[in-house]
Amino acid sequence: MANAYSTDDLLEFLEHAAERGLMPAATAQALAVAARNVLGILTDGEKADLGGLDIDAVIKRFVNKRAKDFNPASLKEYGRRVRRALELFLAWRADPANFSVKTRASGAARNKKRGETAGASGSTSPPGPQIEATPAPLPGTYQSSLAVRPGLVMTLANIPYDLTRAEADRLAGFIKMLVVE
């Protein structure tokens, strides 16, 4: 599979990167969702070789075709994420042995460092929220996380790759039903 630069190869790379800890799983999933959406507008021939694509033109096609489905901020974010996914994929393809992803420290990691420093001086800080590992998504599905409010991230698992608008509306109705007023 040397020199494989298809859309499927990109998505497999993102899955591999998450599984192997090359990048945070949530980051890989967010990049994969953007790549699936943006690159989903390509013809089969274009999907077979991403190496020669003008990504800016592809993103513009996506925006023109799907502008009614997303708000402007989401369209910009999808463009940014698909560029980043391709950049990481090409870097990994060029030199897998030296591939690494620069990540920012999360709030929990920064708080942990502060807690260790504070703990050395005698003060203690309350423990952070408990994070439970979510099981791996079923075949043909993915999971995605959403920051609901500061300090609270919600993860949806087993989202079908081919989620329909009707299914999304049903899911949104279910979530609205959970509201405590």
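The values are calculated or read from the model by the stated rules, or taken from the named source; none is laboratory data. This is a predicted model, so every value here is computed, not measured. Using ideal geometry, Cβ is built from the backbone for each residue, glycine included, and neighbour counts are taken over all protein chains shown.
Residue-wise test of (1) within 25 Å of MET154 (Cβ to Cβ); (2) in contact with a Ser or Thr (Cβ under 9 Å, 6 or more places away or on another chain).
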residue	(1), (2)
ALA25	yes, yes
LYS65	no, no
LEU75	yes, no
PHE89	no, no
ARG93	no, no
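Quick one: would you say ALA136 is part of a loop (DSSP other than H, G, I, E, B), of a type in the set (Gly, Ala, Ser), within 30 Å of SER6 (Cβ to Cβ) and at pLDDT below 90?
yes
So LYS47 clears everything in (1) in contact with a Ser or Thr (Cβ under 7 Å, 6 or more places away or on another chain); (2) not in a helix (DSSP H, G or I) except one condition, right? Which one?
Of everything listed in (1) in contact with a Ser or Thr (Cβ under 7 Å, 6 or more places away or on another chain); (2) not in a helix (DSSP H, G or I), LYS47 misses just condition (2).
Residues to consider are ALA108, ALA172; find the one that is part of a helix (DSSP H, G or I), at pLDDT below 80 and not assigned by TED's automatic domain parsing to the domain that holds LEU39.
The unique qualifying residue is ALA108.
Criterion first (at pLDDT 85 or above, assigned to a helix (DSSP H, G or I) and under 16 Å from MET23 (Cα atoms)) does ARG66 satisfy it?
Considered against the rule, which asks whether it is at pLDDT 85 or above, assigned to a helix (DSSP H, G or I) and under 16 Å from MET23 (Cα atoms), ARG66 comes out as no.
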